[in-house]
1. Please enumerate the residues belonging to the range 224-258 that are among the hydrophobic types (A, V, I, L, M, F, W, C) and in a helix (DSSP H, G or I).
2. Out of the range 442-476, which residues are farther than 15 Å from ALA253 by Cα, open to solvent by 10 Å² or more (accessible area, probe 1.4 Å) and among the aromatic types (Phe, Trp, Tyr)?
3. Go through (1) in a helix (DSSP H, G or I); (2) without any contact (Cβ under 8 Å) to a residue 40 or more places away in the chain one by one and return the number of the condition ASP98 breaks.
4. Could you please give the count of residues in the range 65-90 that are more than 15 Å from ILE171 (Cβ to Cβ) and within 53 Å of the chain's Cα centre (by Cα)?
5. Counting only residues that are assigned to a loop (DSSP other than H, G, I, E, B) and in contact (Cβ under 8 Å) with a residue 24 or more places away in the chain, which one in the range 120-165 is farthest from PHE40 (Cα to Cα)?
6. If I filter the range 166-187 down to residues being in contact (Cβ under 8 Å) with a residue 40 or more places away in the chain and more than 21 Å from HIS103 (Cβ to Cβ), which single residue comes out as most open to solvent (accessible area, probe 1.4 Å)?
7. Suppose we filter ALA67, ALA82 for residues that are assigned to a helix (DSSP H, G or I), without any contact (Cβ under 8 Å) to a residue 24 or more places away in the chain and aliphatic (A, V, I, L, M); which single one remains?
Amino acid sequence: MKMAGQNNGKQGGQQQDVNQLLKVRREKLANLQEAGQDPFQITKYDVTHHTSDVKDLYNAHEEKLLAGRPAVNTDGMDEAAAREAVKADYEERRSIMDADPVHVSIAGRMMFKRVMGKASFANIQDLKGSIQIYVARDAIGEDLYATFKKSDIGDIWGVKGYAFRTKTGEISIHAEEMTLLSKSLQILPEKFHGLTDTDMRYRQRYIDLIMNQESKEVFVKRSKILKEIRNFLADRDFMEVETPMLVANAGGAAARPFETHYNALNEDVKLRISLELYLKRLIVGGLERVYEIGRVFRNEGVDTRHNPEFTLMELYQAYTDYEGMMELTESMFRYLAEKVCGSTKISYNGVEIDLGKPFARLTMNDAIKKYTGIDFDQVPDDAAAKKLADEHHIAYEERHKKGDIINLFFEEYCEKELIQPTFIMDHPIEISPLTKKKPSDPTKVERFELFCNTWEMCNAYSELNDPIDQRERFAAQDANAAAGDDEAEHQVDHHVAAVVGSRVDIGVGKGRVEQFRRLIDAVDRDAADEVDEETAQAANDRADVHAALLLAEQAGHAQHAIGEHIVKQHRGRAPGVSAVENELQKAVGEGGEKALLAAPAGAVEEDRQHTDAHAAALRQLEELDIAQRGGGGYHQCALGEGAGLGLGHGFSPAF
């Protein structure tokens, strides 16, 4: 009890000391304001250089002015004579440099101060580093020097002066003018130990950036990476796009979404968990190379390496396969290393990673065989795979099949071995529900993941565009969900409209690509285009009815609520739509929310008999010049002949 009381007393005394120091800082601010020197009234300060720029500029200027000048030679001199010779050489060099000074103006946070009578030294830290300043009373005046002496660590100063090199060789700035730009009212962590509290580093990132130069470098380097990704993809004719964050159905990945409510529409919506779905639609619409860098949200675990909100980059390219995307990925990583790090060889925790060499390529089965000796190509069925898992103490679920067991073996034995960049290819079909099968082995798919330093850096695959195959795989995913898989891909996304009631045509992709004739999308609501509100509303109204008719024409049902309430919503707002409403009511019916889930082929054929009546209504819409796609409304995308393979590539920097 006595020890606890002593600790409590010590902590109370420390808190009292801190409160007193904070009080002193506020008193200093009040004194400045009373003297008409309120730093918070300053709105602008002209900065000509950053600290690292000053050093580079001075070094270059010094090389120019002192070119050919030999270093002082003290051989054969005693200690005193040598000191005099070095001093004389310094003064001569200094006089040459001061005769043609480098004038600069910098601004930054004061991180160190040493007062020595009529002259003082301080360190100013800015975006690119820190530099020492020399502050002399005779140079800046007594009043300003007195203010400087009373200033605190953390205050932000503007300094104008000229660069010079001290006798110890440190490039510094001789201050001629100083301006207090901001008074720090809080106390920074003690400089020697820095900021070591991990929780504070993450919760108060600004303090981390002030105290830890390494953290600042991470932010700067991240910005460079994103810049160079854009440069690389621009050189390859990719188009950057932005897609909705609030969606009716969060798909494109196996993750739990965040949910929120859209007040204006009185709808529950989700935050996107991937960028995939809308990018695919753009490929469907005829854009051949697209990408997006954006935030996604996954309602899952949190630690220092995983944040529910993070940045993802995905790109899609038509008319290529996963071999072409592997080339792009390898080239991009190599390009980024050269541009951002200056070398294709980088070091992480003492391990050198070489991005300059060709990346290794292994199938998932070959990787398992390499690190365990087990050849899953020779494992005949699910039962044999589960027996192997039991023998190796790998936990699995009863619903798991051979492909799932393969993935579990890979995660257990292989990922930890993949230090150098390695493409892992040809995943089992069970863990890749939206990927094209390999023509040579239908149990595997055309997919790859890039691993580096044991981390998965990206994931890519040849897009599945066979609607029959896709529907079968969704049925398997629904079965998994029913068996307890919370992260199974459901049919409730844009793919299902392509599967139900669609005809498959053979495209012009050199005879290799089967395509959808038409993809109907009636799930998500897009953001409005940049038009005035009245025009946008009219376009939305008419596009909603148009898309609903197309749905009715295609399958005879409505996929999510496009029934009576939508018809009533449009009545009286879109001229010429009343006749269309009658057709819509006939096609959709009074019930409203009938799910477009599994219309049999017979039903599809029956619906096609109503095409003439629907076509008349559509012609009426066309005469009214109604856009097929309106911002905020249901819309349709047509995948015509010649729209080729789409291959997605996702990259998520660990920031």
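1. Let us first name the residues in the range 224-258 that are among the hydrophobic types (A, V, I, L, M, F, W, C), namely 225-226, 229, 232-234, 238-239, 241, 245-248, 250, 253-255, 258.
Passing the criteria: ILE225, LEU226, ILE229, PHE232, LEU233, ALA234.
2. Matches in the range 442-476: TRP455 only.
3. (2)
4. Within the range 65-90, residues that are more than 15 Å from ILE171 (Cβ to Cβ) and within 53 Å of the chain's Cα centre (by Cα) number 5.
5. For the range 120-165, the residue satisfying everything is LYS128.
6. Selected residue: LYS167.
7. Exactly one residue qualifies, and that residue is ALA82.
Let's see how each residue does on (1) surrounded by 15 or more Cβ atoms within 10 Å (Cβ to Cβ); (2) charged (D, E, K, R); (3) at pLDDT below 95:
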| residue | (1), (2), (3) |
| --- | --- |
| ASP75 | no, yes, yes |
| ALA85 | no, no, yes |
| ALA88 | no, no, yes |
| SER105 | yes, no, no |
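The values are calculated or read from the model by the stated rules, or taken from the named source; none is laboratory data. Treat the numbers as computed from the prediction; the structure is a model and nothing was measured. Note that we place each Cβ from the backbone using ideal geometry, even for glycine, and neighbour counts take in every protein chain shown. Please note that ligands, DNA and RNA were not included when accessible areas were found on the heavy atoms of the full protein model with its side chains. Shrake-Rupley method; radii C 1.70, N 1.55, O 1.52, S 1.80 Å.
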